[in-house]
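The next block holds one structure in the form of C-alpha cells; read it before the comments.
The values are calculated or read from the model by the stated rules, or taken from the named source; none is laboratory data. Everything numeric here is computed off the predicted structure, so don't read it as measured data. Note that we place each Cβ from the backbone using ideal geometry, even for glycine, and neighbour counts take in every protein chain shown. Note: areas computed on protein heavy atoms with side chains; ligands, DNA, RNA excluded. Shrake-Rupley method; radii C 1.70, N 1.55, O 1.52, S 1.80 Å.
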Amino acid sequence: GENMVTVETYSASVGITAYELDFFGRVKNLKDTALEQFLAMEETQKSARLSLVAEVARAYLTLLADREILAITEETLQNEEKSYALVKQRANEGIATQLALAQARTGLETARANLAIYRRQVGQDMNNLVMLVGGPMPNMDADTPALGTQQPFPGLPTAISSQVLLQRPDILAAEHILIGAHASIGSARAAFFPAISLTANAGVMSAELGDLFDGGFGIWTFSPNISLPIFTAGRLQAQLDVATLRKESSIAGYEKAIQNAFREVADALVAQDTYGEQLTAQKANLEANKDYYSIARNRYEQGLDNYLTMLDAQRSLYSARQQYVSTKLAVLVNQVNLYKALGGGWKDKS
C-alpha cells in the first residue's frame, strides 16, 4: 500500500555521499577521524528515521486492529441488546427467571463498557498516528482497508545472506568509528561479522543463525577469526590477538552492533514461525466458538438450557474474535520489526 512506498523511498535514500555532504559545505574542512565521526552521526540519524518509519507502520496497523475490534464490539453489543430484550420478554411472560434477566444485563453492560474502551483506544491510536506523521491524517472512515488485507513485508526468500545487515545504520556507524581509528573494514568484517544465511526454506530461521546463540540459550557463540591486522596504524598495528583488540572501544562497539543485529533478526524470525502456528490455532478456536454460540443460543431459545450457558458462549465468542484480531496484528507488527531488523529490507546492499 501507500505505506510501503514511503518505506521503500526511505530505504532507497539511505546512502548519502560525501559529494552531497560537501554540497552543503558541512564536511569541507573535516579530515579522517573527524569526517568518520561525522558520518557515524549521519548513520545514527538514519537509524532514528528508520525507527520512525517502523513506528508509523506499527501505529497504523494498531489503528486498523482496534477499529476492527471496535466493529466487533458494536456487533456484540447489538447481539447483547437482542438477548436482553428476549430474556426480558420471557421474564415478563413468566418463562425466564429474574436470575436469567440479571445475567443478561451483565452481558449487556459489559459490552457497553467494552465499546467505550475501544472508542477511546481508536481515538488515541489516531492521535498517536497524527503525532508520528507530524500532520493531519486523511479521512480514515471512507474505504478504510481491513487489517487482513495488509502485507507490509513481502514473502521472505530462501537463504537471505547476512550481508544484508551491513546496510543497518548502527553497523555502518560502528564501521565509520573503526575507519576513524585507522581500521581496515575488510579485515574487521572478515574477523567479526558472521557470513551466513539468515533464512532457510520458506523464510524460516536458518540453523546457522540459531547456532550463533547457543542453540536458543541466548549466548553469543561466534568466535572471531583474525588472520589479517584490523588496525593499520597506531599501537595496535599488526595486532592479531582477539582479547587485546576487544579492549578497544571501537571494536567493542562494532561487536555489540553486530550481535544486536543478528539477535533482532533471530527474534523476529522465531516470532514469525510461532505466530503462524498461533494464528492457525486462534482461527480454529474462533470457528469452535461460533459453533458454541450458535448451539447455546438455539438450546436456550428452545428451553433446553439455562441462560448462563448462552452468556458464557457470548463472552467466549467475543474474546475469541478479539484474540484473533490481536494475533493478526502481532503477525503484521512482527513483519515490520523484521523489516527494521534487516536495516530496511532483505535485498543484499553490500
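If I ignore ligands, DNA and RNA and count only protein heavy atoms, how much of PHE231 is accessible to a 1.4 Å probe, in Å² to the nearest 10?
10 Å²
Any idea what angle helix 98-133 forms with the longest principal axis of the chain, computed on alpha-carbon atoms, 0 to 90 degrees, nearest 10?
Between the helix axis and the principal axis of the chain, the angle is about 30 degrees.
Give me the one-decimal nm value for the distance between modelled label points at ASN225 and THR244, 7 Å along each residue's Cα-to-Cβ direction.
2.2 nm
Rounded to the nearest 0.05, what FRET efficiency do MET131 and THR280 give with R0 = 35 Å and r taken as the Cβ-Cβ distance? Could you check? Present the calculation step by step, with values, prior to reporting the outcome.
Values: r = 35 Å, r/R0 = 1.01.
Efficiency for this residue pair is about 0.50.
When the chain is modelled as a GNM with alpha-carbon springs shorter than 10 Å, which of ILE179, ILE95, ILE72 fluctuates the most?
Most flexible of the set in this elastic network: ILE95.
When the Karplus curve 6.51 cos²θ - 1.76 cosθ + 1.60 is applied with θ = phi - 60°, which whole-Hz ³J(HN,Hα) does each residue of the range 241-250 get, with x for Gly and Pro?
My calculation for the range 241-250 gives 7, 4, 4, 5, 5, 5, 6, 7, 4, 5 Hz in order.
Once the other residues with Cβ under 11 Å from the Cβ of ILE226 are scored (Lys, Arg +1; Asp, Glu -1), what is the net sum?
In short, 0.
Provide the net charge surrounding GLY134, with neighbours chosen by a C-beta distance below 15 Å and charges set as Lys +1, Arg +1, Asp -1, Glu -1.
So the surrounding residues net to 0.
Residues of the chain: accessible area per residue at 1.4 Å, in Å²?
52 Å²
Can you pull the percent of the chain's accessible area that's carbon plus sulfur, 1.4 Å probe, other chains left in place?
Roughly 54 percent, rounded to a whole number.
What does the net charge come to around ASP125 if you take all other residues with beta carbon closer than 10 Å to its beta carbon, with K and R at +1 and D and E at -1?
+1
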